[in-house]
Structures are given as structure tokens and as C-alpha cells.
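Working notes, beginning with the structure itself.
The values are calculated or read from the model by the stated rules, or taken from the named source; none is laboratory data. Just so you know, these numbers come straight off a predicted model, no measurement behind them. Quick reminder, even Gly has a Cβ in these numbers, built from the backbone with ideal geometry, and neighbours come from all protein chains shown. Heavy atoms of the whole protein, side chains included, go into the accessibility calculation; ligands, DNA and RNA do not. Shrake-Rupley method; radii C 1.70, N 1.55, O 1.52, S 1.80 Å.
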Amino acid sequence: MSKLMKINIIQVVSWSIVAIGVLIIFSLLGTIEQWGDNRIKTILLALLFLLGYTLDFGLRMYEKSKKWGFRRDERDRVIQSEAMSVGFVILVLYIFILSIFLYTKYETDGFMPIGWVWLIAYSTVVVANLSVGVSSLLLYRKQGY
Amino acid sequence: MGEQFDLNNRLKQIRRSRLDLTQQDLADQVGCTRQTIIALEQNKYNPSLILALRLAKALEVTVEDIFSLKINE
């Protein structure tokens, strides 16, 4: 297995942990409805994102370090670009479906709890990172990594 | 309906004809990763024009010796 594949796997695993954390926090009773009183949950979410981005940053540094002899060539760039395109489509579909779901759920009320906006904000970042990471893994596998 | 093309290559045969040339050696000569050479030899990746030219130069053959178009109708 190449170093690039290992980096991708670590990235997907780290963002999956963040995704699970975000899901657990937002599915707890009262998180959405009483968002303003959720100081601890907000800090937990920030810590989860810190974990995801710190690992991302560490991996980028590892990639750039000449010590490890890491090389990214034209095929890697093609795969990365395709993964970004797939990730973009998944993200658009996700936001569209979630928005429609919220619209139908709160159509009669005329307003919705502000916590949903936070869910959209956090989950958009998670879905974007995960969809690009997973697409890139699948594309590498398809090409015989 | 227009014609569709597949890019075939004889990279593996040509590289193997150079007895001491490994995939890693070839990758180092043309400036790509060994995984890219593997993907090329398995016909899973179409190289850029620059990489195709560099491969031809490294193997001392023409691009047409390595790559050919197969028409799918």
C-alpha cells in the first residue's frame, strides 16, 4: 500500500470519528431545540473539529516534508481532481435534501430552531471532507492501488 | 453515434525487454510514482502527453511504439 493511500485512509478515519461525534451530539435530546444552552456541546464540537483539522494539517506537513521522500504525480492530481468533483456533487445533494427535509418539517410552523443551522454548518464540513476522502479512496482502488 | 477510442499500450512488454529495468527505475526516470507505472501497464490510466513523451524517451522508442488507439464502434 502506498503512502498516499495510507494518508487517505487516516484522513477518512479521522473525519469519520468527527462525523460520529457530530451525529451523537446533534441526536441527543434537546440539542437542536435548546441550542443557546449548549455551551458544553459547542465546546465538544469545536474540539472534534480541532481533532479533524489538526490531523489534516499534520498529514499535509508529512506530505511536504522532504525527509519522507513523498511524491505526488500527475495521476494523483487527476484522482484528486475527480474526487473533488464527486465530493462537490455529493455535498450539493446533501444540502439540497437536508434543506427540503427542513422545509417540509417546519412548513406549517413558519419558523425553525436555530440549532438546525448549526447542524447544517458543521455537517457540511464533515460531509465535504468525508465525501472527497472516500471518493479518492475508491478511485485509487479502481486504479489498482 | 461517434466512434469511441481506447488507449492500449505495450509498456509492460517494452519495459521487460530491457531486462534490468524495474517499474521503480522507469518511474524514477520519468518522474512519476511506481503506482502510476503499474496503472499504465494495466491500462487503467491514460497518461498526459508529457508523460507519454518522457516514457518514449526513457525507453528509446517512439510514442506510437508504446501507445495505440483501439476503435470501439
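Descriptive notes on the structure:
- Residue within the range A:67-81 that is open to solvent by 40 Å² or more (accessible area, probe 1.4 Å), under 23 Å from A:Val125 (Cα atoms) and either in contact (Cβ under 8 Å) with a residue 60 or more places away in the chain or more than 14 Å from every other protein chain (Cβ to nearest Cβ) (or both) present: no
- Qualifying positions in the range A:1-40 - within 14 Å of another protein chain (Cβ to nearest Cβ), outside any helix (DSSP H, G or I) and open to solvent by 40 Å² or more (accessible area, probe 1.4 Å): A:Met1
- A:Leu47 without any contact (Cβ under 8 Å) to a residue 24 or more places away in the chain and in a loop (DSSP other than H, G, I, E, B): no
- Applying the criterion of being without any contact (Cβ under 8 Å) to a residue 60 or more places away in the chain and more than 12 Å from the chain's Cα centre (by Cα) to the residues of the range A:7-22, the residue that is farthest from A:Trp68 (Cα to Cα) is A:Ile10.
- Filter result (in contact with a helix residue (DSSP H, G or I) (Cβ under 6 Å, 6 or more places away or on another chain) and either under 20 Å from A:Glu74 (Cα atoms) or open to solvent by 80 Å² or more (accessible area, probe 1.4 Å) (or both)) within the range B:11-22: B:Leu11, B:Lys12
To keep it simple, each residue is scored yes or no on (1) at pLDDT 90 or above; (2) over 22 Å from B:Gly31 (Cα atoms); (3) not small (Gly, Ala, Ser).
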position	(1), (2), (3)
A:Gly36	no, yes, no
A:Arg72	no, no, yes
A:Gln80	yes, no, yes
A:Val92	yes, yes, yes
A:Ser131	yes, yes, no
A:Leu138	yes, yes, yes
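- Flag for B:Gln29 being among the polar types (S, T, N, Q) and either closer than 21 Å to A:Met1 by Cα or touching a strand residue (DSSP E or B) at 6+ places or on another chain (Cβ under 7 Å) (or both): no
- Every residue from the range B:23-69 that is part of a loop (DSSP other than H, G, I, E, B), open to solvent by 30 Å² or more (accessible area, probe 1.4 Å) and within 13 Å of chain A (Cβ to nearest Cβ): B:Gly31, B:Gln42, B:Asn43, B:Lys44, B:Asn46, B:Ser48
- Considered as a group, the residues in the range A:88-145 that are within 14 Å of chain B (Cβ to nearest Cβ) and open to solvent by 90 Å² or more (accessible area, probe 1.4 Å) include one that is nearest to A:Ser16 (Cα to Cα), and that residue is A:Leu138.
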